[in-house]
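Report on the structure given below.
The values are calculated or read from the model by the stated rules, or taken from the named source; none is laboratory data. Keep in mind that what you see is a predicted model, and the values were worked out from it rather than measured. As a convention, Cβ positions derive from the backbone with ideal geometry for all residues, glycine included, and neighbour counts pool all protein chains shown.
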Amino acid sequence: METLPNCPKCNSEYTYEDGNMLVCPECAHEWSLIAEAEQVEEAKVVKDANGSILKDGDAVTVIKDLKVKGSSSTLKIGTKVKSIRLVDGDHDIDCKIDGFGPMKLKSEFVKKA
Ligand SMILES: [Zn+2]
């Protein structure tokens, strides 16, 4: 038999499942475990070109020559980028590149170094 969590209100161990809800027969508290699971899935995950999950502080390598907006220079393939910061938006990586300064990249054009 699967173990259900105790009631979060009165700590009764006689909780039972009713559809997607858990119910406590002692204090009549009802709650859902589904809501918690959904919140975890909604957390934004940024992946590199290979599907590896990126996180703040990671170092990445550029895998494609990228034109730098507002300048005539090109960010060359193989450029190393240290200490990325993940942000919301179309360009989901915020970083600073030697010789270029602060800029934003798309995660699909980098791979974890
Ligand atoms: Zn209870």
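Only residues that are farther than 16 Å from residue 3 by Cα and among the charged types (D, E, K, R): list them for the stretch 13-31, please. Those that are farther than 16 Å from residue 3 by Cα and among the charged types (D, E, K, R): 26, 30.
When the stretch 82-101 is filtered for residues that are under 21 Å from residue 44 (Cβ atoms) and free of Cβ contacts under 8 Å to residues at least 40 places away in the same chain, the ones remaining, listed by number, are 83, 84, 85, 87, 89, 90, 91, 94, 95. A search for C-beta distances below 7 Å between a residue of the stretch 65-81 that is assigned to a loop (DSSP other than H, G, I, E, B) and any residue that is modelled with pLDDT under 95 and among the β-branched types (Val, Ile, Thr), counting only pairs 6+ apart in sequence or on different chains, returns 65/74; 68/74; 79/97.
Of the residues in the stretch 32-52, at least one is modelled with pLDDT under 90, within 16 Å of the ligand (Cβ to nearest atom) and not in a loop (DSSP other than H, G, I, E, B). Regarding residue 45, is this residue surrounded by 13 or more Cβ atoms within 10 Å (Cβ to Cβ) and touching a strand residue (DSSP E or B) at 6+ places or on another chain (Cβ under 9 Å)? No: the conditions fail for residue 45.
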